[in-house]
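Report on the following structure.
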Amino acid sequence: MPLDQYYLLGRSGLRVSRLALGTMNFGTGGFHAAYGKTEDEVRPIFRKYLDEGGNFLDTADFYTAGESETILGKLIAETGTRDRVVLTTKFTNSVDPADPNAGGNGRKHMIRALEASLRRLGTDYVDLFLLHTWDRITPVEEVVRTFDDLVRAGKIRYPGLSDVPSWYAARAQTYAEAHSLAPMINLQLPYSLVQREIETEHVPMGQELGLGVTAWSPLAGGFLTGKYRDGGAGRFSDAGNQWTDRDWQLLKPLEQVAAQLGVTMAQVAINWVATQPGIASAIVGASSAEQLGKSMAALDFELPAEQRKLLDEASAVAPASVYRMFTAEYQNWIVSPGLKVGTKPAGYAPAVRNW
């Protein structure tokens, strides 16, 4: 499954690679400075991704205080690949703490944020523009109508959402459909063997309403590489994140599967995410071209059904509260004890298709 095999993103005609290049570490400023890389350091990473056929680039105005967009814009210009790549950026975070309208998802900030991103990226449009995080304040109608205005103005090709409740995404999409506005095509969310909670609502919602899911942190901040077992440092461990017993136990079957297939734990974890139902693409970052090459090799093998089952069972999240009523076992009981009902609801099919 090389990077030059492209898949449709959501219910759209936009074709993207199964692995997207995350550029949160492009630059040395702002919140991500401790893990950032200079332009010269990331240039080989960027070129390696393009040389392998990758076309899906992910950034945000918040990453390294805008440096990520600036560096990415320069690298795209250097390689003359603006029309070839699918360029994604995001907005929400404040750019001026003294200005109440310099952050959030309101129309004023949304437009200003896009204009600033376009200047840094050195382009007059982005292919995919995402709301970065739900702000709990801005009416969804305001966001959707502003997205539509930006599409009509030619400044974005497609809108999408990141890190929002499933009900919010569903309301946004149905509002767009009901009023003939530009629909969302992408939903960006954290997803990995450690974090599978989005399978409860977000994934089936995306499949039903045409939003392809792109998974960020498929390695759970590096945890699924196994490096933390030896006291390795990283942005999650440095922040004092406490992994659960269940998480530590998950590393055992992951290591077992990797050994059976002759690949790394990280490659198995990425492969599992990228090939899950409803997942359009997995976002991978890298500190070097060599590391990126290893991540891209995660698409070079097929995860056998037996090994996938082992990982599925080890990482399964037990349904809680009302969601217990939506399990196959409960549904079988309410329909008829003698009638078998499928484990997936009607219409539960991958939102992406091989091109």
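The values are calculated or read from the model by the stated rules, or taken from the named source; none is laboratory data. Keep in mind that this is a model prediction, so the values were computed, not measured. Heads up, the Cβs are rebuilt from the backbone with ideal geometry, glycines too, and the neighbour counts pull from every protein chain shown. Just so you know, the surface numbers come from the protein's heavy atoms only, side chains and all, with ligands and any DNA or RNA stripped out. Shrake-Rupley method; radii C 1.70, N 1.55, O 1.52, S 1.80 Å.
Before moving on, here are some points about what is shown:
- Near pairs, Cβ below 8 angstrom, 6+ apart or cross-chain, from region 96-121 (within 22 Å of GLY160 (Cβ to Cβ) and hydroxyl-bearing (Ser, Thr, Tyr)) to any residue that is outside any helix (DSSP H, G or I) and open to solvent by less than 70 Å² (accessible area, probe 1.4 Å): SER117/ASP61; SER117/THR89; SER117/PHE91; SER117/VAL126
- Checked against the criterion of being open to solvent by less than 20 Å² (accessible area, probe 1.4 Å) and either in a helix (DSSP H, G or I) or not aliphatic (A, V, I, L, M) (or both), the candidates TRP272, TRP243 yield just one match: TRP272.
- Some residue of region 220-236 being crowded, with 19+ Cβ neighbours inside 10 Å, at pLDDT 95 or above and not in a helix (DSSP H, G or I): yes
- Checklist (1) at pLDDT below 95; (2) open to solvent by 20 Å² or more (accessible area, probe 1.4 Å); (3) over 20 Å from the mean Cα position of the chain (by Cα); (4) not basic (Lys, Arg) applied to ALA102, failing item: (2)
- Filtering region 1-21 to residues that are farther than 19 Å from GLU208 by Cα and buried (at least 24 other Cβ atoms within 10 Å of the Cβ) leaves VAL16, SER17, ARG18, LEU19, ALA20, LEU21.
- Looking only at residues in region 292-310 that are assigned to a helix (DSSP H, G or I) and free of Cβ contacts under 8 Å to residues at least 60 places away in the same chain, the one that is most open to solvent (accessible area, probe 1.4 Å) is GLU306.
- All strands (runs of 3 or more DSSP E) inside region 1-104 with 2 or more residues being of a type in the set (A, V, I, L, M): 19-22, 86-91
- Any chance ALA328 is modelled with pLDDT under 95, touching a Ser or Thr at 6+ places or on another chain (Cβ under 8 Å) and more than 24 Å from THR244 (Cβ to Cβ): yes
- Considering the conditions (1) over 23 Å from the mean Cα position of the chain (by Cα); (2) more than 30 Å from ARG43 (Cα to Cα); (3) at pLDDT 95 or above; (4) not in a helix (DSSP H, G or I), LYS108 is excluded by exactly one of them, (4).
- Residue within region 112-125 that is open to solvent by 30 Å² or more (accessible area, probe 1.4 Å), touching a Phe, Trp or Tyr at 6+ places or on another chain (Cβ under 7 Å), acidic (Asp, Glu) and not in a strand (DSSP E or B) present: no
- Of all the listed residues (THR38, THR23, THR28), the sole one being at pLDDT 95 or above, of a type in the set (S, T, N, Q) and over 17 Å from THR88 (Cβ atoms) is THR38.
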